[in-house]
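Structure record follows, encoded as structure tokens.
The values are calculated or read from the model by the stated rules, or taken from the named source; none is laboratory data. Predicted model, so just to flag it, every value in this text is computed and none were measured. A quick note on method: Cβ atoms are made from the backbone with ideal geometry, for glycine too, and the neighbour counts reach across all protein chains shown.
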Amino acid sequence: MDTDTNQIQAKVEETQAPNIPLFQDKEVISKYVDFSSKYGIGYKLSNGSYGVLFNDSTKIILDANLFHFDYIQRAPTQQLLIDASKKVPITSDGEEVHSHTFFSYPTSLGKKVILLQHFKSFLDGNSKFKPITFPFTPQNAPQRTTPSPLPHLKKWKSSSKALLFRLTNKLIHTVFLDDRSELIIDSGAQGMVTYVNKGGEARSMPLHSDIEGKDASMFKRLQIAKEMLMQQSSGQGKAEQRNKANAKTVNNQ
């Protein structure tokens, strides 16, 4: 993997969601840069963490302390069936979460760790690459901000109308390209949808309320987001069928 990101032509985009009081205690996308033409999409969350979702579907997320990070990859099918006592956490999507620090990580991750730093530097507005430095030693290094897997971007989808980000905290954050308005769906127990217009004004409603009758702009954007989610789910289902077929072929050999 080539790690020369000096030629990045993509633009860093900022979102309005972190300024909305409703999301002060929830991780939303605050900045992102789409460089999927070569590497993937890089982003910063509102809690100060940075991540990259690579084109090979692996993920890396940097703790807000800028020292610990998680590397997430698809768990082999056979491992999902083996072992509930496995020390490596397995997500609900069947992915392994490997936790590391910048002082200790596998050499096989070297290029992706470098890319993470390049994306962070670019998201921070640096015209030249600025690597992460550490004013401490392994003996007095900071602790992780959470013992659990770090919140991160699990999937994303782009269209001519919008970019849709699905986060592990059950938020679906959509940015519309025509006017930079945003829609945040809380698909958890609350079931709320929030529309942030181009002026930064926010309005929230229950997901199953009469949105069409109360706010036509919100409803229009909700329909776009739902369509993108359906397209994403359809594509994922086909990919899973291919993976199962490939696994069956291997097992029968």
Exercise for the section: Among the residues of the stretch 175-202, count how many are of a type outside the set (S, T, N, Q), outside any strand (DSSP E or B) and without any contact (Cβ under 8 Å) to a residue 40 or more places away in the chain. Expected result: 9
Exercise for the section: Considering only residues that are over 19 Å from L45 (Cβ atoms) and touching a strand residue (DSSP E or B) at 6+ places or on another chain (Cβ under 8 Å), look in the stretch 106-131 and name the one that is surrounded by the most Cβ atoms within 10 Å (Cβ to Cβ). Expected result: L109
Fill in the blank from the handout: With criteria (1) in a loop (DSSP other than H, G, I, E, B); (2) of a type outside the set (F, W, Y); (3) surrounded by fewer than 19 Cβ atoms within 10 Å (Cβ to Cβ), P151 comes up short on (3)
Problem - Residue that is surrounded by the fewest Cβ atoms within 10 Å (Cβ to Cβ) [pool: residues in the stretch 16-34 that are more than 14 Å from the chain's Cα centre (by Cα) and outside any helix (DSSP H, G or I)] - result: D25
Problem - Meets criteria (farther than 20 Å from F122 by Cβ, at pLDDT below 95 and not in a loop (DSSP other than H, G, I, E, B)) for Q79 - result: yes
Exercise for the section: For the stretch 203-231, name all the residues that are free of Cβ contacts under 8 Å to residues at least 12 places away in the same chain and assigned to a helix (DSSP H, G or I). Expected result: E212, G213, K214, A216, F219, K220, Q223, K226, E227, M230
Practice task
State whether the residues of the stretch 85-93 include one that is modelled with pLDDT under 95, out of contact with any helix residue (DSSP H, G or I) (no Cβ under 6 Å at 6 or more places or on another chain), part of a strand (DSSP E or B) and surrounded by 16 or more Cβ atoms within 10 Å (Cβ to Cβ).
Solution key: yes
Practice task
Looking at (1) exposed (fewer than 12 other Cβ atoms within 10 Å of the Cβ); (2) in a loop (DSSP other than H, G, I, E, B), find the lone condition where S234 falls short.
Solution key: (2)
Completion exercise
In the stretch 169-207, anything surrounded by fewer than 21 Cβ atoms within 10 Å (Cβ to Cβ) and within 19 Å of S92 (Cβ to Cβ) is listed as N169, K170, I172, D186, S187, G188, A189, Q190, G191
